[in-house]
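This report concerns only the one structure given below.
The values are calculated or read from the model by the stated rules, or taken from the named source; none is laboratory data. Here the structure is a predicted model, which means the values were calculated and not measured. Note that we place each Cβ from the backbone using ideal geometry, even for glycine, and neighbour counts take in every protein chain shown.
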Amino acid sequence: MTASTALQESWSKLGKFAPTLPEPLLSVRDLNVHFPIRRGFVIQREVARVRAVDGISFDIRPGETLGLVGESGSGKTTAAKAVIQLSKPRSGSIKFEGQELVGLSTSAMRSVRRKMGMVFQDPYGSLNPRMRAGDIVGEPLKVHGLATSRDDYRSQIASLLSIVGLAPAMAERYPNEFSGGQRQRLGVARAIAAKPSLLILDEAVSALDVSIQAQILNLLQDLQEQYDLAYLFIAHDLSVVRHIADRVAVMYMGRIVETANSADLYTRPLHPYTQALLSAIPTPNPIHERSRERIILKGDLPSPLAPPSGCRFHTRCPIATDVCSMTVPELRSLAPDQRAACLLAPGYAESAI
């Protein structure tokens, strides 16, 4: 019996004593988002297809933060836009509070979007420069009819600004009168205006200074505790994700290659790509920084128009063998609440038995 099998059996013996997890707030299964490339003037024909998201699955439970990480171009933002139906999936299932979103009509989706908020990466480009801050924050209140009167509308705006650490008097200012961190606070206030249960944070702190990043992250954690919010936190900076995420999913070229609890992922990564990402995180200790092993990936990210056969990471993987170019690895459970899609990961072959 292998160590991996013994570990799995020991957990299965827990039986009724194992903790019962709540039902997922968001459940994504086999999600595919492809963008066709067409040519021709009169009669256009499809000549290629960009597989931006290619068969990913994940769950987010109430009050939980799932970190979605990977290089630029790995499909993180496309997956997020598909969840909120800003990008239409080619196939797959997206269930929010048990309701299927794929194929939902525009009018029906509007009521669902009230329960979802999104904070975008660019605090400068995501706010209308011609609108006052109060109107930006209050726009969801108007769209969903959540204000009973003009006074109630103004009162809710003042409350939202206070919640995110801004003075209510700032409601009369325009976005160009705010700093980058203040603009992102406006974005957060707008996202929580309709009292959602899920926030999608698309690189929400990547454009900010480090000190401002910490302030926004602390704000998000406070809001999560206060309102029991669930977060889909998208980032490429794993040190930021470690600070806020309960679980982490690692994406590479449209696919999830590893999922795990945050503590397990950072202490025991199983996929070579995850190991390479973690080795690139700088440490403040100069002695440790000099002594630790860096994993340098060879080559460039392959074109999504012609992804490699087999494991998509094999062209850059430091431990790849011939079989990696011929076999597509499944995402398998290799440890309690930790899965990886690597043919050479410890316990991968035994996990199929």
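Which members of the stretch 240-257 meet the condition of being over 25 Å from Arg312 (Cα atoms) and of a type outside the set (A, V, I, L, M)? It would help to see each step written out before you state the result.
Looking only at the stretch 240-257, we keep the residues that are over 25 Å from Arg312 (Cα atoms), and these are 240, 242-246.
Those that are over 25 Å from Arg312 (Cα atoms) and of a type outside the set (A, V, I, L, M): Arg242, His243, Asp246.
Which one is surrounded by the most Cβ atoms within 10 Å (Cβ to Cβ), of the residues in the stretch 30-76 that are in a loop (DSSP other than H, G, I, E, B) and aliphatic (A, V, I, L, M)? Can you show your working first?
Taking the stretch 30-76 as the starting set, the residues that turn out to be in a loop (DSSP other than H, G, I, E, B) are 40-44, 61-64, 70-75.
Filter once more, so that each one left must be aliphatic (A, V, I, L, M): 42-43.
Numbers: Val42: 4, Ile43: 7.
So the residue we want is Ile43.
Take the residues in the stretch 185-210 that are in contact with a Gly (Cβ under 8 Å, 6 or more places away or on another chain) and without any contact (Cβ under 8 Å) to a residue 40 or more places away in the chain, then tell me which one is surrounded by the most Cβ atoms within 10 Å (Cβ to Cβ). Spell out the reasoning first.
Initially, the stretch 185-210 is screened for residues in contact with a Gly (Cβ under 8 Å, 6 or more places away or on another chain), giving 185, 190-194, 196, 198-200, 204, 207-209.
Narrowing the set further to residues that are without any contact (Cβ under 8 Å) to a residue 40 or more places away in the chain leaves 185, 209.
Working: Arg185: 27, Asp209: 12.
The residue in question is Arg185.
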task: Quick one: count up the residues across the stretch 113-134 that are outside any strand (DSSP E or B), buried (at least 17 other Cβ atoms within 10 Å of the Cβ) and not basic (Lys, Arg).
output: 7
field: The one condition in (1) crowded, with 18+ Cβ neighbours inside 10 Å; (2) closer than 21 Å to Thr78 by Cα; (3) within 13 Å of the chain's Cα centre (by Cα) that Ile244 fails to fulfil
entry: (2)
message: Condition first: in contact (Cβ under 8 Å) with a residue 40 or more places away in the chain, in contact with a Phe, Trp or Tyr (Cβ under 7 Å, 6 or more places away or on another chain) and of a type outside the set (S, T, N, Q). Can you find one or more residues in the stretch 141-162 that meet it?
response: yes
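How many residues does the stretch 294-312 contain that are in contact with a Leu (Cβ under 9 Å, 6 or more places away or on another chain) and either modelled with pLDDT under 85 or aromatic (Phe, Trp, Tyr) (or both)? Walk me through it before giving the result.
First pass over the stretch 294-312, keeping only residues in contact with a Leu (Cβ under 9 Å, 6 or more places away or on another chain): 295, 310-311.
Now narrow it down to the ones that are either modelled with pLDDT under 85 or aromatic (Phe, Trp, Tyr) (or both): 295.
Counting residues in the stretch 294-312 that are in contact with a Leu (Cβ under 9 Å, 6 or more places away or on another chain) and either modelled with pLDDT under 85 or aromatic (Phe, Trp, Tyr) (or both) gives 1.
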